[in-house]
Amino acid sequence: QVQLVESGGGLVQPGESLTLSCAASGSIFAIYALGWYRQESGNPRELVALITTDDTTTYTDSVKGRFTISRDRAKNTVYLQMNSLKPDDTAVYYCNGVIRMTGGGSFRNYWGQGTQVTVSS
């Protein structure tokens, strides 16, 4: 089994910063990519940022220049540094991993439980 555990959500005011963390654990053979998605009530889940095994990063346009994704390979952990937060960033943020388990098989998507980020004055 593979588990993704997020931390770092909370309530902040507009313009403030927040850092999310997600640690992957379990029977991991390889990680192709780690990323963050978010979902507002009633809307589909959308990609926020992604980092692949070669450290290529991808960001949705609305967060470019404000959010930074990074990873600690030794800890199988991905971070999302969020600066200049806006009310529109309010959502449940989900960690995603494209991971291959030990014992063979293909890469699969795994999800964390989600962490609430609320930006409000």
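The values are calculated or read from the model by the stated rules, or taken from the named source; none is laboratory data. Just so it is clear, the model here is predicted, and its values are computed rather than measured. Every residue, glycine as well, gets a Cβ built from its backbone with ideal geometry; the counts of neighbours run over all protein chains shown. Side chains included, ligands, DNA and RNA excluded: accessible areas come from the protein's heavy atoms. Shrake-Rupley method; radii C 1.70, N 1.55, O 1.52, S 1.80 Å.
Taking THR90, THR58, THR102 in turn, the Gaussian network model of the chain (Cα-Cα springs below 10 Å) assigns the largest fluctuation to THR102. For the chain, modelled as a GNM whose springs connect Cα atoms under 10 angstrom apart, the maximal fluctuation among ASN83, ASN109, ASN43 occurs at ASN43. Taking every alpha-carbon pair under 8 Å whose residues sit at least 6 apart, the chain reaches a relative contact order of 37 percent. Using the Cα gyration tensor of the range 20-72, with a ≥ b ≥ c the square roots of its eigenvalues, what is the shape: rounded (a/c below 1.5), prolate (a/b larger than b/c) or oblate (neither)? Oblate.
Within the listed set ALA30, ALA49, ALA74, the residue fluctuating most in the Gaussian network model of the chain (springs between alpha-carbon atoms under 10 angstrom) is ALA74. Net charge dipole, the chain: roughly 300 debye, given to the nearest 20, about the Cα centre with Cβ charges of +1 for Lys and Arg and -1 for Asp and Glu.
For the chain, the solvent-accessible area works out to 52 Å² per residue, with a probe of 1.4 Å and every protein chain left in place.
Only protein atoms count toward the accessible area here, which uses a 1.4 Å probe; on the chain, the carbon and sulfur part of that area reaches 47 percent.
The residue among LEU47, PRO87, ASN76 whose Cα reaches farthest toward the positive pole of the charge dipole of the chain, with charges on the beta-carbon of Lys, Arg, Asp and Glu, is ASN76.
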